[in-house]
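To start, the structure under review is shown below, and the notes come after it.
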Amino acid sequence: MCGIVGIFSTEPVNQQIYDSLLLLQHRGQDSTGIATMEGSTFSLHKSKGRVTQAYRTRDMRSLSGNVGLGHVRYATKGSADREEEAQPFYVNAPYGIILVHNGNLTNTRQLEKDLFINDRRHTNTTSDTEMLLNVFATELQSEVSGTNLSPQEVFNSIKSVHRRIEGSYAAIALIAGHGLVAFRDPYGIRPLVLGQRKSSTNKDEWIIASESLVLENGDYNIVKDIDPGEAVFISINGDLFSMQCSSQTSLFPCSFEYVYLARPDSVMNGISVYEARLRMGDRLAKTISKNCKLGDIDVVMPIPDSSRPAAMQVARQLGIEYREGFFKNRYVGRTFIMPGQAKRKKSVRQKLNAMGSEFRGKNILIVDDSVVRGTTSKEIVQMARIAGANKVTFTSAAPPVRFPHVYGINMPNRNELIAHKRTIHEISKVIAADDLVYQEISDLELAITDGSKIEKLDMSCFTGEYVTGNISTEYLEWVELTHKS
């Protein structure tokens, strides 16, 4: 999972992009990068670590220009430890292009061969973003007819990208001396939002970002979610052009954005993340009432922060007192997106502390947003017992995660998923809970889509049904062998 932003302004954009990346930090803490453009000249700085660690005053001063883009990353392809894997990526022809990407390409084996044999292009990393950049550069090179670049030539190249690329991708690129382009895969799996505001001189300024909260924080008006398959081109003069660049499109937003990844104050594809999480709690409460003795539950507690809206609604619907018993150290990264089981396990105790007075002698119903590997859940149950809980019922606002997620979330290995080939009763034993209740798959889908125009979601990690339709058992086995989480 990553966060991306691109800005066209009438003033220097370095500080705006930095501020935007701070707002997207929850989407990745492995590395970050900013690139700006002044005329035909790029300035670039990228580094491992978080935004506040990566940029010094001299770095920010070097990022000159009124157009730019930024990225925060956690690794799903490539290495989290190699600084050269950090985005943005750059190629020098045609014109010079810098690109950032959120998502995961699923045909990288074929792309690697095609780039080397047919396109005569060499990649320096194992990053699928570098592959996406080189495919785009190749197709743009075949379209250009001179020094001037037309919007139609840009859109034609994106059409070719859609034909060659498989998987999920929301991307933003700078083309030296010509402008900024953004595009989204034909399934709309990963989010991308367009915003506009007027400058002090009444000129249009534009922003494109992963989440709407970035637009609102910068006083931009939300224009629209970029459609699946659509491309947007902002010329060097600030004129905006858009075109549908895919002949077949369907909107299948990733359900895990609403469960866990996105900030609650964002709106994606017309759906409020916060309101979706409230509805998850409403529906989870009904399932809890069918499977648990409500008279045995004294209090409902969330695991902060993303499960709080669902927990509040569970308590409200069941008529049980809502209490906060776990407190969060906000200087530890999100455990779900930390690479490696050992790092996740160690960080749980650093991240959460249980206040004994809220647990002692009570029967606790814990609400979490999801249970993925079970590492965090098991530690939380143990913490509750050490703090004095009499009985621990664990509940998840999401269904059991039984299948790998191949569209940009770090769940590549089936054997690491606690729900894979286990019953709910068996999972409950593994995490040492007295009872365990999961959200139903149909309830999650209805909770997210209720009141919206969206009919279907990417629910592949819950159902094993991959919306792009090209994920084979052989591919999943290859992913497990080559990508260590």
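Coordinate-derived values only; no laboratory data. Small disclaimer: the values here were computed from a predicted structure and weren't measured. As a convention, Cβ positions derive from the backbone with ideal geometry for all residues, glycine included, and neighbour counts pool all protein chains shown.
Computing FRET efficiency as 1/(1 + (r/R0)^6) for SER145 and GLN382, where r is the C-beta to C-beta distance and R0 is 51 Å, gives about 0.20.
For the pair the range 419-464 / the range 4-63, the C-alpha centres are spaced 37 Å from each other. Just name one of LEU174, PHE252, PRO302: the one whose Cα is farthest towards the positive end of the charge dipole of the chain (beta-carbon charges, Lys/Arg +1, Asp/Glu -1). Farthest towards the positive pole: PRO302.
Over all distinct Cα pairs, what is the inverse of the mean 1/r for the chain, reported as the Kirkwood hydrodynamic radius in Å? Taking the inverse mean of 1/r over all distinct Cα pairs, the chain comes out at 23.1 Å. Placing a label point 7 Å from the Cα of GLU474 along the Cα-to-Cβ direction, the residues of the range 96-125 whose backbone N falls under 18 Å from that point are 106-114. When the convex hull of the Cα atoms of the range 198-309 is projected onto a plane and the area is averaged over all directions, what value comes out in nm²? Over every viewing direction, the Cα hull of the range 198-309 projects on average to 10.2 nm².
The spread of Cα positions in the range 2-251, taken along each principal axis and listed from longest to shortest, comes to 47, 39, 35 Å.
Here the dipole of the chain is about 1640 debye; that uses its Cα centre as origin and unit charges on the Cβ of Lys and Arg (positive) and Asp and Glu (negative).
For the chain, build the charge dipole from Cβ charges (+1 Lys, Arg; -1 Asp, Glu) around the Cα centre, then report which of ASN363, LEU457, GLY70 sits farthest towards its positive end. It is ASN363. Note on ASN390 and SER199: their simple-model spin labels are 6.7 nm apart, each label 7 Å out from Cα toward Cβ. Of interest is the spacing of the C-alpha centroids, which for the range 96-149 and the range 299-331 amounts to 45 Å. State the answer as a single residue: which of ILE226, PRO191, SER127 lies farthest towards the positive end of the charge dipole of the range 2-251, with beta carbon charges of +1 for Lys and Arg and -1 for Asp and Glu, about the Cα centre. Sorting the options by dipole projection puts first SER127. Using the beta-carbon distance between SER250 and GLN53 and R0 = 25 Å, what value does 1/(1 + (r/R0)^6) give for FRET efficiency, to the nearest 0.05? Using R0 = 25 Å, I get an efficiency of 0.05. Kirkwood-type hydrodynamic radius, the range 39-138: 14.7 Å, calculated from all non-identical alpha-carbon pairs. Counting only Cβ charges, +1 for Lys and Arg and -1 for Asp and Glu, the dipole size of the range 2-251 around its Cα centre is about 340 debye. So which of LYS46/LYS224; LYS224/LYS453; LYS328/LYS391; LYS362/LYS429; LYS362/LYS391; LYS198/LYS224 end up more than 18 Å apart by C-alpha? Among LYS46/LYS224; LYS224/LYS453; LYS328/LYS391; LYS362/LYS429; LYS362/LYS391; LYS198/LYS224, the Cα-Cα distance tops 18 Å for LYS46/LYS224; LYS328/LYS391; LYS362/LYS429.
Per the Debye formula with a single identical scatterer at each Cα and no solvent contribution, what log10 I(q)/I(0) holds for the range 362-485 at q = 0.16 Å⁻¹? Summing over Cα pairs of the range 362-485 leads to -0.83. Here each label is just a point 7 Å from Cα along the line to Cβ, and for ASP265 and PHE241 those points are 3.7 nm apart. The stretch between LYS290 and ILE424, if pulled fully straight at 0.36 nm per residue, gains 46.7 nm over its current Cα-Cα span.
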